[in-house]
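Working notes, beginning with the structure itself.
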Amino acid sequence: MLNIRKSNKTDQEFLVLIDLKNDGYTLSDVVDMTEQNKEEHSKKIEGFLTDSDKGVFVCY
């Protein structure tokens with residue numbers, strides 16, 4: 001059975017990793033980016049978790 005839920009702040013690290021994989025930055029679980037780039041990307045994802053006009057769902 002497939003479960004779907006609205007994501008929350010605790011999902012942020014996972015969502016950043018998945019988004020980076022989708023952008024082609026990673027080929028494995030190791031992200032090869034500078035800390036500044038990771039932080040900027042994390043801020044972008046945070047907007048989807050905190051902005052009332054945006055959102056993220058997690059399927060598992």
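Miscellaneous remarks
- Taking the criterion of being within 20 Å of LYS6 (Cβ to Cβ) and assigned to a loop (DSSP other than H, G, I, E, B), the residues of segment 32-55 that qualify are ASP51, SER52, ASP53, LYS54, GLY55.
- In the set PHE48, PHE57, only one residue is out of contact with any Cys (no Cβ under 8 Å at 6 or more places or on another chain), modelled with pLDDT of 85 or more and surrounded by 11 or more Cβ atoms within 10 Å (Cβ to Cβ); that residue is PHE48.
- Across segment 2-11, a minimum of one residue is classified as in contact with a Gly (Cβ under 7 Å, 6 or more places away or on another chain), modelled with pLDDT of 85 or more and exposed (fewer than 15 other Cβ atoms within 10 Å of the Cβ).
The values are calculated or read from the model by the stated rules, or taken from the named source; none is laboratory data. Remember, it's a predicted structure, so these values are computed and weren't measured experimentally. Quick reminder, even Gly has a Cβ in these numbers, built from the backbone with ideal geometry, and neighbours come from all protein chains shown.
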